[in-house]
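Q: The structure follows.
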Amino acid sequence: MNPVDAEGREDHPLLHCLVRDIASRGEGELTEVVHERHGGRLIRVAYIQPANGIAWSTAANNIGPAR
């Protein structure tokens, strides 16, 4: 796992790179990966900003480099 700061932000290797979300098939810049608690579980949430349009979030395991 990648290092995480005190606020729960992960130093992901694809941060600020073009990524693809396999769940939505969308592409955009990975702006942040955050560790969040939901229902007592810790999950990794990736935030993606497309070139045009509205940013979205997905499970961090759903992202990979865009081709």
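The values are calculated or read from the model by the stated rules, or taken from the named source; none is laboratory data. Keep in mind that this is a model prediction, so the values were computed, not measured. We place every Cβ from the backbone using ideal geometry, glycine too, and count neighbours over all the protein chains shown. Surface accessibility is based on the protein's heavy atoms, side chains included, excluding ligands, DNA and RNA. Shrake-Rupley method; radii C 1.70, N 1.55, O 1.52, S 1.80 Å.
Q: From largest accessible area down, sort 34, 4; use a 1.4 Å probe on the protein chains.
A: Values: 34 20, 4 70 Å².
Largest to smallest exposure gives the sequence 4, 34.
Q: Could you work out how much longer the chain between residue 66 and residue 38 gets when fully extended? Use 0.36 nm per residue separation minus the Cα distance between them, nm to one decimal.
A: Numbers: separation 28, 0.36 × 28 = 10.08 nm, distance 2.84 nm.
Between residue 66 and residue 38, full extension yields 7.2 nm more.
Q: Still on this structure: Quick check: net charge around residue 19, other residues with Cβ under 13 Å of its Cβ, Lys/Arg +1 and Asp/Glu -1?
A: -1
Q: Another one. Which net charge results when you count Lys and Arg as +1 and Asp and Glu as -1 among the other residues whose beta-carbon is under 12 Å from that of residue 47? Spell out each step's value before the answer.
A: Working: positive: 9, 44; negative: 10, 21, 29, 32, 36.
Net local charge, residue 47 excluded: -3.
Q: Please give the net charge around residue 65, taking every other residue with its beta carbon less than 13 angstrom from that of residue 65, where Lys and Arg add +1 and Asp and Glu add -1.
A: Values: positive: 20, 67; negative: 21, 27, 29.
Summing Lys/Arg as +1 and Asp/Glu as -1 gives -1.
Q: Here's something else I'd like to know. I want to verify the translational diffusion coefficient of the chain in µm²/s; compute it with Stokes-Einstein, Rh as the Kirkwood radius over Cα pairs, at 37 °C and 0.692 mPa s. Could the numbers behind the result be given before it?
A: On the way: Rh = 12.0 Å.
In µm²/s, the coefficient rounds to 274.
Q: Under a 1.4 Å probe, what is the accessible area of the chain per residue, stated in Å²?
A: Details: 4550 Å² over 67 residues.
Here the per-residue accessible area is 68 Å².
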